[in-house]
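For reference, the structure discussed in these notes is given below.
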Amino acid sequence: MNNNEIIMDLEDYKYILTHNGKIDGIVGSCNINEFNKNLDSIKNSIKKAKGILIKFGIHRNQSLFIINDYISEINDLTSNDAEIIFGTENIDNIDEDFLRYEIIITGIE
């Protein structure tokens, strides 16, 4: 059994919300290979963000390598001074090929 949880807490949310500026975000679920398509609606916000919090819900048997790839892709969209906090939680009643996500984008100029 994998332990692929990266725990986030209330302090992570509070910290990411300290960035001044507009706030955007998205919550949803999709097939794990279609996550990039769901980012299209917020890519402009990601590019202008000072802070991004991302929480993924995945099946415990899912590898964190794909999550790492998605975090790298989001990081490539951001400015050098943007802060990214991410975490994962195990969801037992989700198909191994599905992903839940919550993204909060702050400090948008």
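The values are calculated or read from the model by the stated rules, or taken from the named source; none is laboratory data. All values derive from a computational prediction rather than experimental measurement. We place every Cβ from the backbone using ideal geometry, glycine too, and count neighbours over all the protein chains shown. All accessible areas refer to the heavy atoms of the entire protein, side chains included, with ligands and DNA or RNA removed. Shrake-Rupley method; radii C 1.70, N 1.55, O 1.52, S 1.80 Å.
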**Message:** Looking at G57, G51 in this structure, which one is in contact with a strand residue (DSSP E or B) (Cβ under 8 Å, 6 or more places away or on another chain) and more than 26 Å from N3 (Cβ to Cβ)?
**Reply:** G51
**Request:** Please specify each residue of region 54-107 satisfying the condition of being among the small types (G, A, S) and out of contact with any Leu (no Cβ under 8 Å at 6 or more places or on another chain).
**Result:** S63, S72, S79, A82, G87, G107
**Asked** Quick check: is even one residue across region 29-46 part of a strand (DSSP E or B) and either free of Cβ contacts under 8 Å to residues at least 12 places away in the same chain or among the hydrophobic types (A, V, I, L, M, F, W, C) (or both)?
**Response** yes
**Prompt:** Could we say that F65 is among the aromatic types (F, W, Y), under 19 Å from C30 (Cα atoms) and part of a strand (DSSP E or B) here?
**Reply:** no
**Only listed residue being assigned to a strand (DSSP E or B), surrounded by fewer than 20 Cβ atoms within 10 Å (Cβ to Cβ) and at pLDDT 90 or above, chosen from I94, I85, I71, I52** = I85
**Prompt:** For region 12-21, which residues satisfy the criterion of being part of a helix (DSSP H, G or I) and open to solvent by 80 Å² or more (accessible area, probe 1.4 Å)?
**Reply:** K14, Y15
**Request:** Report yes if D24 is surrounded by fewer than 19 Cβ atoms within 10 Å (Cβ to Cβ), among the charged types (D, E, K, R) and modelled with pLDDT under 95, otherwise no.
**Result:** no
**Message:** open to solvent by 60 Å² or more (accessible area, probe 1.4 Å), more than 15 Å from T106 (Cβ to Cβ) and either of a type outside the set (S, T, Y) or modelled with pLDDT of 90 or more (or both): is that true of N31 in this structure?
**Reply:** no
**Message:** Testing D9 on (1) without any contact (Cβ under 8 Å) to a residue 60 or more places away in the chain; (2) closer than 14 Å to I84 by Cβ; (3) open to solvent by 60 Å² or more (accessible area, probe 1.4 Å), one condition comes back false. Which one is that?
**Reply:** (2)
